[in-house]
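K.L.:
Attaching a single structure in structure tokens format; questions to follow.
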Amino acid sequence: MYVRKLELTNFRNYSKYKVDELESMNIIIGENGVGKTSILESIYVCSLARTFKSNDDYVIVKNNTDYSKIKIELDYQDKTKKLDFTLTSIGKKTKINNNLKKRISDFICQYKVILFSPDELRIIKESPNTRRNYLNIALAQINKSYINVLNKYNVLIKNKNDYLKKVYINSNMDLTYLDVLDSKIAEYGFEICKLRAEYIEKLNKYIKRIFYKFRRNDTLYIKYNSQFLGKSVSEIVMLLKRNRSNELNLGLTKTGIHRDDIEFLHNEVNAKDFSSQGIQKLILLSLKLAELEVLINDYYEEPILLLDDLFSELDSVNQNSILNNLNKNIQVFITTTDINNIKPSMVKKAKVIELSRRDDSNE
Ligand SMILES: Nc1ncnc2c1ncn2[C@@H]1O[C@H](COP(=O)(O)OP(=O)(O)OP(=O)(O)O)[C@@H](O)[C@H]1O
Ligand SMILES: [Mg+2]
């Protein structure tokens, strides 16, 4: 699966930008602030219909304009597919081969993306919520029903919280409604927990070996922490019952997969608290490369790898070991401020896209 052509209109700093004949390896060069990350971002947005830079997608719309548009031409199995993504203040409009897709779920994931960017270090450093978001996006790419189940689960948690608040105020209220909610929470929570556990197990199959290449004497393992882990649906129902009085006292749902977290165990301890900045970057990169291996080997997909600022993050030994080990069928986009960072033999085979500050349009 290759992105062959890309056309941006009013996307970030670009009023109009077009590039075609994209290759397997694409190197985007230019000074700081010229729009390198924005190109990777546009490829990400056209796959997932959301940005990775902010919770508010509207930030992609060029200042002083009122819409943003991305057009992509994909090549796959000797065929081509045209994707259109438009964002206005009203919402998102998406098309595949000029046919309007009313539901975003019918548009997303026409190609898979894996992003490595300094911004993503928050997966390691920040709150459990960031790590759950990471898992949700990764799982949404491999399982269409995952987001559906998760959305249903989240509605149940919202309803339960609302009801717990009411009971908190008025203790005479009937509790049978909570039983109904809990049985559904157990059912959907079980499903999500199972999918998350399976996915993390798959990542673990690869991540140790990948990390070992960077750090010969170190180990890396992802630990999944979930209150539902290893439990059947009926055991989850029992757990929810046991925790009921506590939740009634708090007026809040404290039990469930909305409290899940993952830990990156570097030499058996949590990297979040103990590992240096440089090691955290290697852990993040190992995670992303493990994600890539899972998609290729377990799901027979050919994701597009977006490597933002990889070279400012790693020393040259590690850079070359990554680039040399990449699967040849994978399309890669890589940004750098200095082409000398990349081996000449690699540059020779790549499409080099030079961005300059002079103009925000290349037409
Ligand atoms: N909505 C927007 N409208 C107009 N310009 C924007 C918008 N959002 C961001 N920009 C500008 O777009 C430019 C490109 O940002 P981008 O992050 O792509 O640069 P970069 O080449 O990756 O830089 P660096 O090397 O520092 O990472 C920045 O100068 C930024 O100020
Ligand atoms: Mg950048």
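K.L.:
Take the stretch 24-38 and flag every residue that is buried (at least 17 other Cβ atoms within 10 Å of the Cβ) and either more than 8 Å from ligand 1 (Cβ to nearest atom) or assigned to a strand (DSSP E or B) (or both).
P.N.:
Residues satisfying the conditions are M25, N26, I27, I28, I29.
K.L.:
Continuing with the same structure: For Y76, are the conditions met, namely being away from ligand 2 (no atom under 16 Å from the Cβ) and modelled with pLDDT under 95?
P.N.:
For Y76, the condition - away from ligand 2 (no atom under 16 Å from the Cβ) and modelled with pLDDT under 95 - is met.
K.L.:
Condition first: within 20 Å of I43 (Cβ to Cβ), modelled with pLDDT of 90 or more and assigned to a helix (DSSP H, G or I). Now tell me which residues in the stretch 295-320 satisfy that.
P.N.:
L295, I296, Y299
K.L.:
Could you please give the count of residues in the stretch 89-108 that are assigned to a strand (DSSP E or B) and either touching a residue at least 40 places away in the same chain (Cβ under 8 Å) or surrounded by 15 or more Cβ atoms within 10 Å (Cβ to Cβ) (or both)?
P.N.:
Result for the stretch 89-108: 6.
K.L.:
Can you report the number of residues in the stretch 39-52 which are within 13 Å of ligand 1 (Cβ to nearest atom) and farther than 14 Å from E73 by Cβ?
P.N.:
The number of residues fulfilling the criteria is 7.
K.L.:
From the list S38, S54, S47, S68, which residue is among the hydroxyl-bearing types (S, T, Y), out of contact with any Leu (no Cβ under 7 Å at 6 or more places or on another chain) and either away from ligand 2 (no atom under 16 Å from the Cβ) or not assigned by TED's automatic domain parsing to the domain that holds K343 (or both)?
P.N.:
From the options S38, S54, S47, S68, the qualifying one is S47.
K.L.:
Out of the stretch 2-23, which residues are over 23 Å from the mean Cα position of the chain (by Cα), under 24 Å from K349 (Cα atoms) and not in a loop (DSSP other than H, G, I, E, B)?
P.N.:
The answer is Y17, K18, V19.
K.L.:
Also: Can you name every residue in the stretch 33-56 that is of a type in the set (D, E, K, R), within 17 Å of the chain's Cα centre (by Cα) and over 21 Å from K144 (Cβ atoms)?
P.N.:
Within the stretch 33-56, E41, K53, D56 meet the criteria.
K.L.:
Does any residue of the stretch 2-9 turn out to be near ligand 1 (Cβ under 8 Å from one of its atoms), out of contact with any helix residue (DSSP H, G or I) (no Cβ under 7 Å at 6 or more places or on another chain) and in contact (Cβ under 8 Å) with a residue 12 or more places away in the chain?
P.N.:
So far as the stretch 2-9 goes, no, none of its residues is near ligand 1 (Cβ under 8 Å from one of its atoms), out of contact with any helix residue (DSSP H, G or I) (no Cβ under 7 Å at 6 or more places or on another chain) and in contact (Cβ under 8 Å) with a residue 12 or more places away in the chain.
K.L.:
So which helices (runs of 4 or more DSSP H) stay within the stretch 122-213 end to end and still have 3 or more residues that are of a type in the set (A, V, I, L, M)?
P.N.:
128-142, 144-169
K.L.:
Given the criterion outside the structural domain of A197 (by TED's automatic domain parsing) and either within 16 Å of ligand 1 (Cβ to nearest atom) or at negative phi (or both), identify the matching residue among I257, I330.
P.N.:
Every option except I330 fails the conditions.
K.L.:
Which of the residues belonging to the stretch 329-347 are more than 15 Å from ligand 2 (Cβ to nearest atom) and either aliphatic (A, V, I, L, M) or at pLDDT 90 or above (or both)?
P.N.:
Correct list: I330, Q331, V332, I339, I342, M346, V347.
K.L.:
Also, I was wondering about something else. Considering only residues that are acidic (D, E) and under 34 Å from the mean Cα position of the chain (by Cα), which ones fall in the stretch 161-178?
P.N.:
D162, the sole residue that qualifies.
K.L.:
Further, regarding this structure: State all residues of the stretch 322-337 that are surrounded by 13 or more Cβ atoms within 10 Å (Cβ to Cβ) and among the polar types (S, T, N, Q); if no residue qualifies, say none.
P.N.:
N327, Q331, T335, T336, T337
K.L.:
Say we look at the stretch 210-259 and pick out the residues that are modelled with pLDDT under 95 and hydrophobic (A, V, I, L, M, F, W, C); which of these is surrounded by the most Cβ atoms within 10 Å (Cβ to Cβ)?
P.N.:
Going through the qualifying residues, I end up with F211.
The values are calculated or read from the model by the stated rules, or taken from the named source; none is laboratory data. As the structure is a computational prediction, the values presented were derived from the model and not from experiment. Methodologically, a virtual Cβ is constructed for each residue, glycine included, from the backbone with ideal geometry; neighbour enumeration extends over all protein chains shown.
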